[in-house]
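Everything below concerns the one structure shown next.
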Amino acid sequence: MALASDVRTEALLLSSSLLLKTSPAASSCSIYNSYLRTAPSSASPSSQLLHKVHAVEQVRLRGRSRAPIHTPWMSSGGSTPAGYVEIDPSCSDAASVLSQRWMELVAAGRIASESNFEGRRLRYGLRMNSAGGIEEFVEDVENVGGGNMANCRSLYKEDGGVMIKLVSSRRLRPPAAFNRSQQRRVLPPHDSSCSLCFGPISLPLREKAAVVVLPTECEERRWDFHYNIAPIEARGHFLVVPDMGKEENCREQKLILTDCMDMAAMSKQLRGICLNFNSPNAGATQNHIHLHAWKQDYVYSVEQAGEREGEWDFGGVSVRELEYPAFCVRISNDKSSSHVGKVVHRILEAAGEDSELSWNVVFSNGNVYIFLRTSEVAQQSLPGFAFGCNQMMGFWNVDTEDQFELVDHKTASLALRETSVGSLRGRSVISRAREGFVGD
């Protein structure tokens, strides 16, 4: 994907009727108004409006107004895509098969959701435009004849190899199950409150995009690819879960050994797809085991980072620390999936011995990247903004125009350092992992 350094398209300009015709509850007005006062009067109309949307969201997060209610939207028009595709190890172009399936789902109106936000029923998501491309949209469900309320187009910029992208409609996505502005927190237990298992946005209610069948080495385990109802990548963003037909796969957001092996195998099958995992306190918003996968034809800044001196040898698999603002190690995914999976799992086991640590695991372009962190929120650099794998790798998808203006190479580097373990602490974790490693 060609990325120009100063390319910027218009931001989504939500009309004032989108979210603000219904005022916040009286008990919330003082909080709401205090947030509005922080918006500079010289800001553009779109910036001021997005600031208002942010104010409404802050009120909701403080428990002062009702959270949005989301439901997947099933289109009544257009063709219905065929059942999910099954991708087995013999498929030579699995990433293209996934991309084609995504296009079918967009064309059929499946990548969309409805949100009850402050009394207004909104539909948002992706659709095909007249030129045959994909565009984002937001529309008022109650005013069908009124046309679309706005075209949702992204702002994009680059600074020092860091990519920053604004998709304003993601402010309408389902909320996390907790207040993400906290420095450290415990996710709710995996029980009947899990929104991926139960409720209107549960995965069983969504059409599968695909099922990936793993090779014999991984006992032909199956992973379900569901479409994300608020994608960060318009060309394909999936929620990936182990076969939910098996009770043992409905569990907390924690990678077990077979998960790590399966990620190594899937990454080899799905060249051109970034496969990643956010742990609690490192970007996870739901306590149900899940991965993210999206189309990737660009190079993250971390992939261009140099390596520090020294390495750890895990039975023929080399682990190297990178010269990067966050503590990160790179592992080549060129050995057996079983062996690489064991290395990854052993490192996460060692990290888990320290209750203050969290992590992100990313499989990209033939390598594995593991980030060790102490927080998902950089309270000094980017207060209130929790971030996960994409940002750790160097692509900062943000939700508001204020965030878009704030994030640049310097701010991103500060935020990575602020939320990461130091090099000595990180190296100690890897050394402990190496001492207890038992390979194939």
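Across region 186-218, the number of residues qualifying as without any contact (Cβ under 8 Å) to a residue 12 or more places away in the chain and touching a helix residue (DSSP H, G or I) at 6+ places or on another chain (Cβ under 8 Å) comes to 0.
Checked against (1) among the charged types (D, E, K, R); (2) in contact with an Asp or Glu (Cβ under 9 Å, 6 or more places away or on another chain); (3) assigned to a helix (DSSP H, G or I), ARG330 meets all criteria but (3).
Only residues that are assigned to a loop (DSSP other than H, G, I, E, B), crowded, with 20+ Cβ neighbours inside 10 Å and either out of contact with any Phe, Trp or Tyr (no Cβ under 6 Å at 6 or more places or on another chain) or at pLDDT below 95 (or both) were counted in region 303-327, giving 3.
Every test in (1) of a type outside the set (D, E, K, R); (2) open to solvent by less than 40 Å² (accessible area, probe 1.4 Å); (3) at pLDDT 90 or above; (4) touching a helix residue (DSSP H, G or I) at 6+ places or on another chain (Cβ under 7 Å) is passed by LEU122 save one, and that test is (3).
Looking across SER46, SER75, SER99, SER65, one residue alone is modelled with pLDDT under 75, assigned to a helix (DSSP H, G or I) and either acidic (Asp, Glu) or open to solvent by less than 60 Å² (accessible area, probe 1.4 Å) (or both). It is SER46.
The strands (runs of 3 or more DSSP E) found entirely in region 234-299 that carry 2 or more residues being modelled with pLDDT of 95 or more and touching a Ser or Thr at 6+ places or on another chain (Cβ under 6 Å) are 273-278.
For region 128-138, what are the residues that are surrounded by fewer than 21 Cβ atoms within 10 Å (Cβ to Cβ) and over 20 Å from the mean Cα position of the chain (by Cα)?
MET128, ASN129, SER130, ALA131, GLY132, GLY133
Checking each residue in region 334-347 for being open to solvent by 10 Å² or more (accessible area, probe 1.4 Å) and touching a residue at least 24 places away in the same chain (Cβ under 8 Å) picks out ASP334, SER336, SER338, HIS339, LYS342, HIS345, ARG346. Being acidic (Asp, Glu) and buried (at least 18 other Cβ atoms within 10 Å of the Cβ) is a property that holds for ASP262. TRP359 meets the conditions (1) open to solvent by less than 20 Å² (accessible area, probe 1.4 Å); (2) in a strand (DSSP E or B) in every case but one. The failed one is (1). If the condition is being touching a Ser or Thr at 6+ places or on another chain (Cβ under 6 Å) and open to solvent by less than 20 Å² (accessible area, probe 1.4 Å), then region 370-400 contributes ARG373, SER375, ALA378, GLY394. Applying the criterion of being crowded, with 17+ Cβ neighbours inside 10 Å and outside any strand (DSSP E or B) to the residues of region 105-119, the residue that is modelled with the lowest pLDDT is GLU118. All but one of (1) open to solvent by 40 Å² or more (accessible area, probe 1.4 Å); (2) at pLDDT 90 or above hold for TYR84; which doesn't? If we test TYR84 against (1) open to solvent by 40 Å² or more (accessible area, probe 1.4 Å); (2) at pLDDT 90 or above, just (2) comes out false.
The values are calculated or read from the model by the stated rules, or taken from the named source; none is laboratory data. Not measured: the values here are computed from a predicted model. Counting neighbours? That spans all protein chains shown, and the Cβs are built from the backbone with ideal geometry, glycine included. Remember, those area values only see protein heavy atoms, side chains included, never the ligands or the DNA or RNA. Shrake-Rupley method; radii C 1.70, N 1.55, O 1.52, S 1.80 Å.
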